[in-house]
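Shown next, in structure tokens, is the structure this report addresses.
What follows draws every value from the coordinates through simple rules; no lab data is involved. Please read all numbers here as calculations on a predicted model, not as lab measurements. A quick note on method: Cβ atoms are made from the backbone with ideal geometry, for glycine too, and the neighbour counts reach across all protein chains shown.
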Amino acid sequence: MIKTYSLLLIIFLLSESQNQHKINLNNYITTAKNLLKRYPESRLVDVYKYFHQGRFGPEHLIRDSLIALEFLRNELNIIIDSNSDSALIEYIMPENKYVRVDLKLIKRKIIPIELFFTAFYQSATYHDSLQHEKWKEDWRKICSEIEKNKLPIKDFENDKTRITHNLNQNKFVFSHSLEYKRNYKPMYRVIDRNIFEKFILPLLKNQKVNFIK
């Protein structure tokens with residue numbers, strides 16, 4: 001079943017042209033402000049993570065599908081779900097190339113786990129060093145603009161220093177802050193927007209889902 005979904009998604013991806021987005025700092029600041037309204041306990045590392053996911057999608061090329069699938073199954077086992085809660089679909093702005101998709105949609109059997117995992121797996125793509133160098137420069141500009149606008153982020157300087165240090169060592173992936181995890185309990189995967197809208201969105205019709213853009 002997973003192989004069938006994989007073939008369909010690969011064909012679909014090959015037929016889609018990828019747009020190159022030029023950074024617009026005003027759009028990033030507007031997005032950061034909206035993000036902090038939704039998640040006021042976010043730290044700078046959470047803002048970084050959001051924008052990094054919006055640029056690169058799943059945080060690294062997934063090398064072992066079986067391990068990644070088992071990890072997903074284990075994560076599903078610890079989700080405490082109430083059907084009164086809206087599952088969350090969050091389009092990652094401002095680039096609008098990827099979507100955070102709530103794992104509760106699998107838990108409720110709205111999305112088959114095979115389809116969900118295949119969509120996630122096929123969303124992980126290789127990014128070369130030039131793209132990462134461009135990201136370093138773009139993040140420097142975004143961070144500077146956040147600082148200039150005095151957005152209400154606790155421990156800003158500490159996170160700024162840590163992120164800069166890691167980027168200088170070509171370490172691009174960060175976990176959510178402890179404050180974010182404690183307050184918002186993130187349980188999602190990042191999926192390519194085109195894949196999501198083609199293969200998953202049709203399954204959400206008439207379902208209780210909260211869409212955020």
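Structural remarks
- Virtual spin-label span in nm between LEU25 and THR161, 7 Å along Cα→Cβ: 2.4 nm
- Helix axis angle, 25-38 relative to the chain longest principal axis, alpha carbon, degrees: 70 degrees
- Our estimate of slack between ASN74 and ASN183, defined as 0.36 nm per intervening residue step minus the Cα-Cα distance, is 37.1 nm.
- Antiparallel bridge percentage (DSSP; both residues within the chain; nearest 5): 65 percent
- Only helical runs count toward this figure. For the chain, summing -39,500 (n - 2.57) over DSSP H runs of n ≥ 4 and dividing by all residues gives -16000 deg cm²/dmol at 222 nm.
- Average Cα contact separation per residue, region 2-212, under 8 Å, 6 or more apart, as relative contact order %: 39 percent
- Listed from fewest to most Cβ neighbours within 10 Å, the set VAL190, VAL101 follows the order VAL190, VAL101.
- Cα-Cα over 24 Å, subset of LYS104/LYS136; LYS104/LYS154; LYS22/LYS148; LYS33/LYS185: LYS104/LYS136; LYS104/LYS154
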